[in-house]
1. Taking the chain as the reference, fit the longest principal axis to its C-alpha atoms, fit the long axis of helix 48-66 to the helix C-alpha atoms, and give the angle between the two in degrees, 0 to 90, nearest 10.
2. What's the angle, to the nearest 10 degrees (0 to 90), between helix 71-89's Cα axis and the longest principal axis of the chain?
3. On full extension of the chain, what length is gained from residue 57 through residue 101, given 0.36 nm per residue of separation minus the C-alpha to C-alpha distance?
4. Output the 0 to 90 degree angle, nearest 10, between the alpha-carbon long axis of helix 3-28 and the longest principal axis computed from the alpha carbons of the chain.
5. Stretched out fully, how many nm does the piece from residue 87 to residue 135 gain, at 0.36 nm a residue minus the Cα gap?
6. Run the helix sum for the chain: -39,500 (n - 2.57) per DSSP H stretch of 4+ residues, divided by residue count, reported at 222 nm to the nearest 500 deg cm²/dmol.
7. Give me the Kirkwood hydrodynamic radius of segment 1-129 in Å, from all C-alpha pairs, to one decimal place?
8. What figure, in Å² to the nearest 10, do you get for the accessible area of residue 21 with a 1.4 Å probe and non-protein molecules left out?
Amino acid sequence: MSRLSKVTLTAFVAATLAGSCLHFFYELLPNPLTACFAPVNESLWEHLKLLYWPCLTAALILGRREGWAALGRRAAALLLFSGVMLAAGYVYHVVLGGTALFFDVALYVLLMAGAFLLPQLWKGPEARRELLVLLAVALGAAIVLFTFLPPGGILFQDLSLNVRYGLPVHPHP
């Protein structure tokens with residue numbers, strides 16, 4: 001295993017554990033600052049924080065080691081896997097009505113792995129690095145903004161309230 005891959009593996013494990021801890025951070029210390037980084041409810045959108053902040057932090061740390069040219073690939077992976085997280089969560093929780101914690105944990109770990117693996121596998125040109133980084137920063141700004149001013153829509157609804165499309169939902173036995 002090369003030195004870079006050991007560093008990346010260590011960063012993946014640390015980021016995955018940090019994201020897991022973020023899930024409970026707001027409940028432990030509820031205030032506006034922790035609300036920016038940790039989910040304040042069980043909405044699909046709020047759970048993006050578990051992926052976004054640890055991946056962003058790791059990208060910045062690894063960027064110093066790998067060279068800033070890799071930052072575009074990491075930003076692309078962050079954007080891609082954030083979208084996959086929202087789409088998969090929507091299909092599983094909203095369309096299928098799933099509630100299994102195992103699915104959520106497995107999906108989270110797989111998405112984190114993808115966000116760390118894709119930049120290692122994709123060694124393509126960095127032509128749009130600045131745009132990708134700007135879009136990743138815009139996603140972070142949207143995450144913070146929508147924490148305090150969430151728009152209407154199912155992505156922003158607290159799924160622990162057993163509400164789907166504004167109507168009560170009875171969980172499957």
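The values are calculated or read from the model by the stated rules, or taken from the named source; none is laboratory data. Everything numeric in this text was worked out from a predicted model, so none of it was measured. Using ideal geometry, Cβ is built from the backbone for each residue, glycine included, and neighbour counts are taken over all protein chains shown. SASA here: full protein model, heavy atoms, side chains in, ligands and nucleic acids out. Shrake-Rupley method; radii C 1.70, N 1.55, O 1.52, S 1.80 Å.
1. So the helix axis and the longest Cα principal axis differ by about 10 degrees.
2. Long axis of 71-89 versus the principal axis of the chain: about 20 degrees.
3. 13.3 nm
4. In the chain, helix 3-28 runs at an angle near 30 degrees to the longest axis.
5. Full extension from residue 87 to residue 135 adds 15.5 nm.
6. On the way: 6 runs with 111 residues, N = 173.
It lands at -22000 deg cm²/dmol.
7. About 15.3 Å, per the Kirkwood formula over Cα pairs.
8. Estimated to the nearest 10 Å², residue 21 gives 90 Å².
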